[in-house]
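Encoded as C-alpha cells, the structure appears first; notes follow it.
A short reminder: the numbers here are calculations on the coordinates, not readings from a lab. Every value quoted in this text rests on a predicted model; they were computed, and no experiment measured them. Note: ideal-geometry Cβ built from the backbone for every residue, glycine included; neighbour counts use all protein chains shown.
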Amino acid sequence: MSFLEYAPAPESTGILSLRENYGHFIGGEFVDGSGESFASISPSTEKHIATFAAGTEEDVNRAVIAARKAYDGVWSKLSGADRAKYLFRIARIIQERARELAVAETLDNGKPIKETRDADIPLAAAWFFYYAGWADKLDYAGMGANPRALGVAGQIIPWNFPLLMLAWKIAPALAAGNTVVLKPAETTPLTAMIFAEICQQADLPAGVVNIVTGAGATGRAIVEHADINKIAFTGSTAVGRGIARTIAGTGKKVTLELGGKGANIVFDDAPLDQAVEGIISGIFFNQGQVCCAGSRLLVQENIHDEVVDRLKTRLGTLRLGDPLDKNTDIGAINSKVQLERITALVAKGEAEGGERWSAACEIPEKGFWFPPTLFTGVQTSNTVARDEIFGPVLSILTFRTPAEAIAKANNTPYGLSAGIWSDKGSRILAVADKLRAGVIWANTFNKFDPASPFGGYKESGFGREGGIQGLSAYLEGGVR
Amino acid sequence: MSRLAVPKTYKLFIGGKFPRSESGRVYEILSTKGDFVANAALASRKDLRDCVVAARSALSGWSGATAYNRGQVLYRIAEVLEGRRAQFIEEIVSVEGATAAAAAKQVDDAIDLWVWYAGWADKYAQVAGNANPVSGPYFNLSVPEPTGVVAVIAPQSSGSLLGLVSVIAPVLAGGNTVVAVPRCDAPLTAISFAEVLATSDVPSGVVNIITGKPAELAPWFASHADVNALDLAGAGDLDWVDLQIAAAETLMRVLPPVEGVPVASLSRLTAFTETKTVWHTKSLI
C-alpha cells in the first residue's frame with residue numbers, strides 16, 4: 001500500500017514495432033549471425049521480447065572487416081564537417097524517436113519509464129549533439145594540430161544504461177574519425193538494434209557503425225581481434241582486469257570504466273531536505289545498478305539518527321512496480337543473475353552484523369525485484385561496505401571529523417565517484433581536493449552531461465568519457 | 001698525481017637517507033676501460049618495498065604543496081645540478097666512456113630539462129583542465145591530479161643522467177612521488193644525482209632511487225598494490241609485456257618502453273595525472 005493511491009498510468013508499448021528476430025548490424029545491414037541465438041526478456045514480467053544472435057568470432061571478424069573498409073574507404077576521407085552532419089542527424093533522430101526508445105529501453109532493461117524518458121534517452125541525444133560539433137574542431141582537442149583518428153574501435157557496453165552507454169562510446173569515436181564495432185550487453189540489446197535503424201535513417205555510410213550482439217565470448221573476440229586499434233569498455237572491474245591483461249603489449253589504446261563504491265558524505269550542516277533526496281537518487285536511481293552509485297553513506301555521527309529516520313520515511317513513499325508506469329520510482333532488477341547477486345550480498349551483510357531495513361513494498365509475482373534497502377551499524381570491514389553490490393542497497397557508516405570522512409571515503413580500491421553535502425563551500429572544496437575519485441558531486445549526485453568528463457581513479461579504471469578528455473581518448477598524434 | 005684519492009661509497013637513496021642495500025649485496029662498476037670504479041648497491045625487493053612506503057608517506061605533502069612551490073623546488077634542482085656540473089661530466093666520462101663534450105651536453109640537457117618541467121608545475125592544470133558548460137545550474141570543473149606513487153625504469157642504454165631525469169622530472173612536476181631504477185651499468189651518476197636532490201629542498205621520500213637489476217626489481221613494482229603507475233621507459237629489453245600483464249591486477253597505469261631518452265612533453269607529464277571533475281550546485285536567486 002502506497003501512501004497515496006494513483007491509478008495505473010502505463011506507457012503504451014504500441015509505439016514499438018519490434019522484429020521477432022534480430023541479427024547483427026554489419027556493413028550497414030541487418031545480417032544473420034553464424035552462431036546460436038538467445039532471447040531477451042523483460043525483467044519486470046519475464047516475457048519474451050525478441051531473439052538475438054550470439055556473435056561468434058566469425059561474426060566479429062566480419063564486423064571488423066566492415067569497419068576497417070569503412071574507415072579506409074569512406075570515414076577517414078570525409079571532412080570533419082560532414083562527419084559532424086551525420087552525428088547531428090543521429091542526435092535529431094534520437095530526439096524524434098525518443099518516446100519509442102524510452103519504452104523499448106524500459107521494456108528491455110526494467111528501469112522506470114520516468115528515468116529512460118527524462119535521463120537515458122535525452123542524454124543519449126545530447127551526447128551525439130555535443131560530439132557532433134567536435135568533429136570539425138579536432139585541432140582544439142588539446143592534442144595540437146592535426147590529431148589522427150585511431151582506426152577501428154571495439155566497444156563493449158553494460159546493461160545498466162544501454163542506449164546511453166552506446167552514445168558515450170559511439171559519439172566521440174565517430175566524431176574523432178574512427179569507425180566502431182560495438183557489443184551491447186546480452187540482457188539489453190534492443191535499443192542498440194533500434195539505433196542501427198537510426199543509422200540507416202541517417203544514411204550513415206555502411207560499416208561506420210557495426211553492432212554485434214552476444215555475451216562474454218563475443219566481447220572477448222572483440223578484445224582479442226588484431227585489427228582493432230582501441231578498446232573501450234564499461235563494466236565490472238574483474239572483466240576490466242582481464243581486458244587490461246589481454247591488450248598488454250599490443251599498443252591498443254584503452255578506456256576502462258569499471259566498478260565503484262562511491263562515498264556520499266553528509267556533514268551536519270548539510271541542507272538535509274536536499275541531502276535526503278540526493279542520497280536516495282544517489283543509490284536508488286536505476287535500482288542502484290550504477291557504477292558511480294553513492295552506495296556508502298558516510299553521515300556525521302550527530303545527525304545519523306535523524307538522517308536514517310528521514311531516509312526511511314522517504315523510502316516508504318517510493319513506488320515499486322511496473323516500470324512502464326509513469327508513477328513508478330523503483331523498477332525491476334535487470335536479470336535473475338543480478339538479483340541473486342544482490343540477494344547473496346545482502347544476506348552476507350546481515351550475517352556480518354549489519355542491521356537491515358527494507359522498504360515495505362509489495363513485490364510483484366513475476367519478474368526480478370528487490371526493495372530499497374538500508375544497512376545501519378556497518379563496519380568498514382563489512383562486505384556491504386567494500387564490495388560493489390550494484391543494487392538498491394545503501395550501507396550507512398558514521399564519522400566525526402572531516403579527516404575521518406576523507407579517510408573512510410578513500411578506503412577502497414575503487415575511485416569513481418563521491419558526494420559531499422555541506423552548507424560550507426570552503427569545506428566542500430577542501431574535502432573534494434582530498435577525495436581520490438574521478439567525479440565528485442557537491443550538494444547533488446548522479447548528474448551526467450556530455451560536456452563533463454567521467455571516469456575513475458585506481459581500480460575504477462582509466463581514461464575519461466565525456467568532454468574534451470573523452471574526445472582525445474579516440475585520437476593520437478597532433479603537433480603542439 | 002701523488003695524492004691518494006678518497007673514493008665515494010655509492011649507496012641507495014630511500015626516504016631522504018642513503019642506506020646500503022638491506023641485502024648487503026653490491027655489484028662492481030667498471031670504467032669503459034675495464035678499471036674498477038666503485039661497488040654499487042644491488043637493491044633487493046625489500047629495498048624496493050621500503051621505497052614505496054617512503055614514496056607513499058611523502059605523497060600527501062608533495063601533492064598538497066602549492067604548484068608554485070613544486071615549481072621552485074624543481075627549479076632548485078636545476079640550480080644545484082648546474083653548480084655540480086663538473087663532477088657529473090667527470091663521472092659520465094669515466095663510466096659511460098663519453099667524450100667530455102658529449103658528457104657536458106648531457107649534463108646541460110638534463111639541467112635544461114629540469115627548468116622546462118619546473119615551469120610546467122603551475123601551468124599544466126590550466127592546459128589539461130577545463131571548465132565544462134553543463135546543462136544545468138552547476139559549477140563544473142575538471143582538474144588533473146597526480147596519480148600517486150610512480151615506479152620508473154630509467155633508460156638502460158642512453159645517457160645515465162639525462163635518461164633518469166627524463167623519466168622522473170615529468171612525474172614530479174605532476175605532483176607524484178617516484179621510485180626510480182637508474183641505468184644498471186652506469187648507476188653512479190644517479191646516486192650522485194640523489195645528493196643533488198637531497199640538497200635541493202626536495203622533501204624526503206619524494207624521490208627514491210635504487211640501483212640494481214631492472215629484471216630483478218621491475219616485477220616487484222608491477223605486482224605492488226601500492227604502486228599506482230609504472231613507467232617502463234627503459235624496460236624494452238625486459239619481458240615487459242609480462243610486467244604489463246602483472247600490473248593489470250591493480251589496473252596500474254603503465255607507460256610502454258621507449259627507444260632512447262623519452263622526449264620531453266606535456267603528454268608525458270599528464271600521463272601520470274587523473275582528471276577529477278567536481279560538480280557544485282548553484283543556488284537559485
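For the pair A:Ala360 and A:Phe38, a Förster radius of 41 Å applied to the C-beta separation gives a FRET efficiency near 0.70, rounded to the nearest 0.05. Of all DSSP bridge pairs formed entirely within chain A, close to 35 percent run antiparallel.
List the pairs from A:Lys111/A:Lys458; A:Lys114/B:Lys282; A:Lys111/A:Lys366 whose alpha-carbon separation is above 19 Å, in the order I gave them. In this structure, A:Lys111/A:Lys458; A:Lys114/B:Lys282 exceed 19 Å between Cα atoms.
Looking at the range B:26-281, the DSSP beta bridges with both ends there are about 55 percent antiparallel. Semi-axes of the equivalent ellipsoid for the range A:353-431, computed as √(5λ) from the eigenvalues of its C-alpha gyration tensor and ordered from largest down, come to 29, 15, 13 Å. Relative contact order of the range B:170-285, taken over Cα pairs closer than 8 Å and 6 or more residues apart, is 26 percent.
Report summary: the helix-based calculation at 222 nm, which adds -39500 (n - 2.57) for every DSSP H run with n ≥ 4 and divides by the residues of chain A, gives -11000 deg cm²/dmol.
Residue by residue, the range A:178-184 carries 3J(HN,Hα) couplings of 8, 10, 9, 10, 10, 10, x Hz when phi is fed to the Karplus relation 6.51 cos²θ - 1.76 cosθ + 1.60 (θ = phi - 60°); x denotes Gly or Pro. Cut-off under 16 Å on the C-alpha distance; same-chain residues fewer than 8 positions from B:Lys123 excluded. Which aspartates and glutamates are left, in chain and number order? Candidates past the 8-residue exclusion: B:Glu145, B:Glu274. When both the range B:221-285 and the range A:438-480 are represented by their alpha-carbon centers, they are found 16 Å apart. For the range A:293-377, averaging the sequence separation of C-alpha pairs within contact (under 8 Å, six or more residues apart) and dividing by the residue count gives a relative contact order of 25 percent. Pairs over the 24 Å Cα-Cα cut-off, from the set A:Lys253/B:Lys105; A:Lys252/A:Lys434; A:Lys85/A:Lys169: A:Lys253/B:Lys105; A:Lys252/A:Lys434. Both radii were evaluated on the Cα set of the range A:1-153; the Rg over Rh quotient, with Rh as the Kirkwood radius, amounts to 1.06.
Taking the DSSP bridge list for the range A:263-452 and keeping only pairs wholly inside it, about 15 percent are antiparallel. Between B:Asp242 and B:Lys123, the modelled labels are 4.3 nm apart [label points 7 Å from Cα along Cα→Cβ]. Ranked by how many other Cβ atoms sit within 10 Å of their own Cβ, fewest first, the residues B:His280, A:His24 fall in the order B:His280, A:His24.
Legend: calculated FRET efficiency, A:Val337 to A:Ala9, from the Cβ-Cβ distance at R0 = 30 Å, rounded to 0.05, equals 0.50. Computed on the Cα atoms alone, the convex hull of chain A gives a volume of 136 cubic angstrom per residue. Between B:Arg45 and B:Glu259, the FRET efficiency from the beta-carbon distance, with R0 = 41 Å, is close to 0.90. Evaluated at q = 0.15, 0.21, 0.22, 0.28 Å⁻¹, a Debye calculation over the C-alpha positions of the range B:71-124 (equal weights, vacuum) places log10 I(q)/I(0) at -0.44, -0.70, -0.74, -0.96. Across the range A:381-387, rounded Karplus estimates of 3J(HN,Hα) from the backbone phi angles (6.51 cos²θ - 1.76 cosθ + 1.60, θ = phi - 60°) give 7, 5, 4, 6, 9, 10, 8 Hz, Gly and Pro being marked x. Summarising the overall dimensions of the range B:26-281 from its C-alpha atoms, the Rg and Dmax are 18.4, 71 angstrom. With contacts taken as Cα pairs under 8 Å at a separation of at least 6 residues, the range B:1-91 carries a relative contact order of 21 percent.
Simple spin-label estimate for A:Glu20 and B:Leu4 gives 10.1 nm between the two label positions (7 Å along the Cα-to-Cβ direction from each Cα). Under the rule of at least 5 residues apart or a separate chain, name every residue whose amide H is placed under 5 Å from the amide H of A:Gly142. For A:Gly142, whose amide H was placed from the backbone, there are no distant partners under 5 Å. The alpha carbon convex hull volume per residue for the range A:263-452 rounds to 121 Å³. Multiplying the residue separation of B:Glu90 and B:Leu284 by 0.36 nm and subtracting their alpha-carbon distance yields 63.1 nm.
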